[in-house]
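Each remark here refers to the structure printed beneath this line.
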Amino acid sequence: MNEVDAQSLIDASALSKSAVAVVARLRENNYSAFIVGGAVRDLLLGKRPKDFDVATNATPEQIVALFRGARIIGRRFQIVHVRMGREIIEVTTFRGHHDGDSAKVAAKSNKGLLIRDNVYGTLDQDAARRDLTINALYLDPINNLIYDDLNGLEDIQQRTIRIIGDPAGRYREDPVRMLRVARFAAKLGFNIDTLTQTAIAECRHLLADIPSARLFDEALKLFMSGHATSTFEQLIRHNLLETLFPEAVNALHLEGARDLISQAMKNTDGRIARGKPVTPAFLFAALLWPAVALRSDEIVRAGNAEGSPVNAAGQQVLISSLQRVAIPKRFSIPMREIWDLQPRLDKCSTKRAKSILALRRFRAAFDLLLLRAEHDDALNNVVKFWEEQQQLFPDIVGSQPAPEIPKKRRRPRRRKPAA
Ligand code: ATP
Ligand code: MG
């Protein structure tokens with residue numbers, strides 16, 4: 001293993017004390033242990049790591065035996081969560097190569113997709129199984145050394161995203177790695193190595209095999225981590241957006257569509273940067289709004305406009321999007337409310353104004369209206385109307401109480417008949 005002095009490369013005061021304590025404890029017990037992954041990468045780039053991961057040759061059971069407040073989670077990858085005060089350190093056992101004997105702990109589908117991966121291995125094997133060279137750096141915080149076998153340090157210096165090994169093979173094993181490439185290129189502002197990039201074209205169709213729940217998790221990371229705007233550009237550039245939100249891509253040609261989505265992403269990124277709360281509901285509502293508008297126009301043109309065409313279009317867009325990305329109801333219901341409010345806002349009815357202002361989604365719907373108005377001068381008067389109404393009745397805005405969620409009634413437990 002290529003060993004490098006970390007002293008001049010990493011600001012030791014930025015290390016999590018808890019992560020260092022976990023490493024120290026494992027080492028005192030004669031295991032090897034390192035801080036790995038995103039934390040080392042971010043420290044080398046002078047960024048504050050989001051969280052700290054530790055890799056070790058101790059098995060999950062051995063890890064759990066060493067720490068109070070440690071528990072094993074996960075199935076596809078078994079991980080141990082070690083709670084240290086308020087921090088949770090993720091500890092994983094080195095992963096190894098698969099061979100014929102490991103069928104019980106590792107499994108590939110008939111397309112080469114990894115569906116279970118709990119074969120343990122050595123440090124070298126663990127490094128080779130990671131996704132990107134820049135994510136395969138191992139920091140020993142006790143002796144202040146970085147282990148770099150796959151040229152991760154050089155790729156950090158060259159600002160390059162590079163898949164470890166043969167990109168197409170690694171994408172086949174886990175197609176989500178393609179989304180991770182786009183995400184890290186956007187987050188770090190790095191270039192993507194040529195082979196890492198070109199293999200995406202031949203492999204992106206494999207994302208169709210990924211469960212929609214995992215794609216939803218990944219979509220949150222793509223768009224809710226503070227770099228949505230540049231991630232969106234990367235996803236479009238590498239034709240990956242269509243694997244997640246084909247409806248959105250179909251409507252991107254509409255005038256102003258791309259700008260509307262980009263602006264929504266900029267607003268979200270800005271709020272995250274200022275530490276303000278953000279909701280995926282608004283972001284996904286904006287991302288899919290051009291698709292809803294497109295379908296709504298089609299419904300009107302076909303003369304099928306019974307009820308609200310936007311409502312019907314919203315339902316269609318949502319049903320079709322859920323096949324790829326499992327947006328949970330707590331977000332999809334607000335999304336539809338935001339869409340449904342658009343035609344009602346457009347009407348500017350003074351009579352209805354107060355009851356519309358009071359709706360819980362009014363603010364979010366108004367924010368979408370603002371984005372629509374940037375490319376539609378006809379909406380300027382509508383924006384003005386609702387700005388005036390909000391000034392007139394500031395206390396009413398969003399004042400409608402949240403609907404009461406009916407408490408689940410417990411089914412009375414059936415008593416065993418006395419013997
Ligand atoms: P961040 O948490 O800042 O988004 P990260 O690099 O820590 O970035 P995680 O998703 O937390 O990303 O994963 C931790 C580490 O696990 C990664 O650095 C990488 O080495 C490895 N990893 C994660 N997902 C995969 C994958 N799909 N294939 C191979 N290795 C992966
Ligand atoms: Mg991480």
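The values are calculated or read from the model by the stated rules, or taken from the named source; none is laboratory data. Predicted, not measured: the structure shown is a model, and the values here were computed from it. Methodologically, a virtual Cβ is constructed for each residue, glycine included, from the backbone with ideal geometry; neighbour enumeration extends over all protein chains shown. Remember, those area values only see protein heavy atoms, side chains included, never the ligands or the DNA or RNA. Shrake-Rupley method; radii C 1.70, N 1.55, O 1.52, S 1.80 Å.
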task: Enumerate the helices (runs of 4 or more DSSP H) found wholly within the range 290-360, keeping only those where 2 or more residues are within 26 Å of Pro246 (Cβ to Cβ), open to solvent by less than 60 Å² (accessible area, probe 1.4 Å) and out of contact with any Phe, Trp or Tyr (no Cβ under 9 Å at 6 or more places or on another chain).
output: 309-322, 329-346
Top-ranked residue in the range 186-235 [being within 16 Å of ligand 2 (Cβ to nearest atom) and assigned to a loop (DSSP other than H, G, I, E, B); ranked as nearest to Phe282 (Cα to Cα)]: Met224
- prompt: Do you know which residues across the range 41-62 are over 15 Å from Asn135 (Cα atoms) and either without any contact (Cβ under 8 Å) to a residue 24 or more places away in the chain or near ligand 1 (Cβ under 10 Å from one of its atoms) (or both)?
  reply: Glu61
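Listed here are the residues, each with its yes/no results for (1) more than 16 Å from ligand 2 (Cβ to nearest atom); (2) in contact with a Phe, Trp or Tyr (Cβ under 7 Å, 6 or more places away or on another chain); (3) assigned to a loop (DSSP other than H, G, I, E, B).
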{"site": "Gln7", "(1), (2), (3)": "yes, no, yes"}
{"site": "Ala19", "(1), (2), (3)": "no, yes, no"}
{"site": "Asn30", "(1), (2), (3)": "yes, no, yes"}
{"site": "Asp42", "(1), (2), (3)": "no, no, no"}
{"site": "Ala65", "(1), (2), (3)": "yes, no, no"}
{"site": "Phe77", "(1), (2), (3)": "no, no, yes"}
{"site": "Arg83", "(1), (2), (3)": "yes, no, no"}
message: Take the residues in the range 157-177 that are assigned to a helix (DSSP H, G or I), open to solvent by less than 30 Å² (accessible area, probe 1.4 Å) and away from ligand 2 (no atom under 16 Å from the Cβ); name whichever of them is farthest from Leu206 (Cα to Cα).
response: Pro167
- request: Specify the residue that is nearest to Asp42 (Cα to Cα); the eligible residues are those in the range 137-174 that are of a type in the set (A, V, I, L, M, F, W, C) and free of Cβ contacts under 8 Å to residues at least 40 places away in the same chain.
  value: Ile161
message: Testing Gly275 on (1) out of contact with any Ser or Thr (no Cβ under 8 Å at 6 or more places or on another chain); (2) part of a helix (DSSP H, G or I), one condition comes back false. Which one is that?
response: (2)
- request: Give the range 138-156 a look and list any residue that's buried (at least 17 other Cβ atoms within 10 Å of the Cβ) and more than 14 Å from ligand 1 (Cβ to nearest atom), or say none.
  value: Asp140, Pro141, Leu145, Ile146, Asn151, Leu153
statement: Here the residues within the range 2-15 that are within 32 Å of the chain's Cα centre (by Cα) and open to solvent by 10 Å² or more (accessible area, probe 1.4 Å) are Leu9, Ile10, Asp11, Ala12, Ser13, Ala14, Leu15
query: With Ala55, Ala103, Ala65 as the choices, which residue is surrounded by fewer than 15 Cβ atoms within 10 Å (Cβ to Cβ), farther than 23 Å from Ser8 by Cβ and at pLDDT 95 or above?
result: Ala65
task: Mind listing whichever residues of the range 385-419 are of a type outside the set (S, T, N, Q), at pLDDT 85 or above and not in a helix (DSSP H, G or I)?
output: Phe393, Pro394, Asp395, Ile396, Val397, Gly398
message: Residues to consider are Ala33, Ala21; find the one that is in contact with a Leu (Cβ under 7 Å, 6 or more places away or on another chain), open to solvent by less than 70 Å² (accessible area, probe 1.4 Å) and away from ligand 1 (no atom under 12 Å from the Cβ).
response: Ala33
Top-ranked residue in the range 75-86 [being away from ligand 1 (no atom under 12 Å from the Cβ) and within 21 Å of the chain's Cα centre (by Cα); ranked as farthest from Ala14 (Cα to Cα)]: Arg75
message: Among the numbered criteria (1) at pLDDT below 95; (2) under 27 Å from the mean Cα position of the chain (by Cα), which one does Leu132 miss?
response: (1)
query: Within the set of pairs 6 or more residues apart or between chains, which connect a residue that is in a helix (DSSP H, G or I) inside the range 245-269 to a residue that is at pLDDT 95 or above and open to solvent by 70 Å² or more (accessible area, probe 1.4 Å) with Cβ atoms less than 6 Å apart?
result: Val249/Glu242
- request: Among what's in the range 121-136 and is more than 9 Å from ligand 1 (Cβ to nearest atom) and surrounded by fewer than 22 Cβ atoms within 10 Å (Cβ to Cβ), pick the residue that is nearest to Gly152 (Cα to Cα).
  value: Ala128
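Can you confirm whether Leu379 is part of a helix (DSSP H, G or I) and open to solvent by less than 10 Å² (accessible area, probe 1.4 Å)?
In short, no.
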